[in-house]
Amino acid sequence: MGEIAGVRGVRGELKVHSWTRPRENLLDYSVWTLQHGDDARDWRVTGGGWQGRHLVVRLKGIDDRDAAEALVGCPIRVARSQMPPAGPDEFYWYELEGLAVENRDGTSLGRVAGLIETGANDVMRVVGDRERLIPYTPGVHIDRIDLDDGRMVVDWDPEF
C-alpha cells in the first residue's frame, strides 16, 4: 500500500509514500502492518493528512523522532478485510503478482513479478526465461485472468 518515507518534526510524525489512488486513500485504513526486517507489527493510525507536498501520519505509540526514524523504509500493508471488494473484472495488484503468464498459444512467458505505474497504462513485469514488460491493458493484451487457477493469458509474442 505504501512505505514510510521519512519523519517530520520531533513528535513522531511520519512522511508516507502511498501507492493508493488517490494517495490520501491510504488514510482510510485504520490499522497498518509495518514490516521491519522479519518483524511485522500492527499500528493504529491516529491522524494524518497533507502537510505541504507530503502525506503525513501519526501512529499510536510513536511519540518522538527516534521512534519514527526506526520505521523509515518500512513497507505498509493492510489486512485484506479492510480493503473494499474489487469490482467485476478488477484486481488488486497483489492478486496479480505471482500469476503464471502464457500467451494464446500456451507458451509460458513466466510469472508476474510486479507492476509498474506509468502515465499511459500500467505495465506488468513478467520474469521467466528473461524479463518482459507487458502492458496491463485488459481486452487488448490481457485476454483472461484466472485467480483460482493462478494464471493469465495474454496476447503477446514471446519474442518481444
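Scan region 24-43 and give yes if some residue there is polar (S, T, N, Q), surrounded by 12 or more Cβ atoms within 10 Å (Cβ to Cβ) and in contact with an Asp or Glu (Cβ under 6 Å, 6 or more places away or on another chain), otherwise no.
Checking region 24-43: at least one residue is polar (S, T, N, Q), surrounded by 12 or more Cβ atoms within 10 Å (Cβ to Cβ) and in contact with an Asp or Glu (Cβ under 6 Å, 6 or more places away or on another chain).
Which ones in region 60-77 are open to solvent by 20 Å² or more (accessible area, probe 1.4 Å), on the phi < 0 side of the Ramachandran plot, within 18 Å of the chain's Cα centre (by Cα) and of a type outside the set (Lys, Arg)?
Result: Val72, Pro75.
Test Asp28 against the criterion of being over 15 Å from Ile4 (Cβ atoms), at pLDDT below 95 and in contact with a Ser or Thr (Cβ under 9 Å, 6 or more places away or on another chain), and give yes or no.
Spelling it out, Asp28 is indeed over 15 Å from Ile4 (Cβ atoms), at pLDDT below 95 and in contact with a Ser or Thr (Cβ under 9 Å, 6 or more places away or on another chain).
Given the residues Gly2, Gly6, Gly12, which is the only one that is surrounded by 14 or more Cβ atoms within 10 Å (Cβ to Cβ) and touching a Ser or Thr at 6+ places or on another chain (Cβ under 7 Å)?
Only one candidate passes the filter, namely Gly2.
So which residues in region 4-37 are hydroxyl-bearing (Ser, Thr, Tyr) and closer than 21 Å to Ala67 by Cα?
Once the filter is applied, which keeps residues that are hydroxyl-bearing (Ser, Thr, Tyr) and closer than 21 Å to Ala67 by Cα, region 4-37 yields Ser18, Ser30, Thr33.
Ser18 passes all but one of (1) open to solvent by 70 Å² or more (accessible area, probe 1.4 Å); (2) under 18 Å from Tyr94 (Cα atoms); which number fails?
Failing condition for Ser18: (1).
Which condition breaks for Val57 when tested against (1) open to solvent by 80 Å² or more (accessible area, probe 1.4 Å); (2) touching an Asp or Glu at 6+ places or on another chain (Cβ under 8 Å); (3) within 29 Å of Gly6 (Cα to Cα)?
So Val57 meets the others, but not (1).
Filter region 96-129 down to the residues that are farther than 19 Å from Gly150 by Cβ and in contact with a strand residue (DSSP E or B) (Cβ under 6 Å, 6 or more places away or on another chain), then identify the one that is surrounded by the most Cβ atoms within 10 Å (Cβ to Cβ).
The selected residue is Val123.
Restricting attention to region 153-160, does a residue exist that is of a type in the set (Phe, Trp, Tyr), surrounded by 15 or more Cβ atoms within 10 Å (Cβ to Cβ) and closer than 23 Å to Gly87 by Cα?
No, region 153-160 contains no residue that is of a type in the set (Phe, Trp, Tyr), surrounded by 15 or more Cβ atoms within 10 Å (Cβ to Cβ) and closer than 23 Å to Gly87 by Cα.
The values are calculated or read from the model by the stated rules, or taken from the named source; none is laboratory data. All of these numbers come straight from a predicted model, not from anything done at the bench. As a convention, Cβ positions derive from the backbone with ideal geometry for all residues, glycine included, and neighbour counts pool all protein chains shown. Keep in mind that these areas ignore ligands, DNA and RNA; they rest on the heavy atoms of the full protein, side chains included. Shrake-Rupley method; radii C 1.70, N 1.55, O 1.52, S 1.80 Å.
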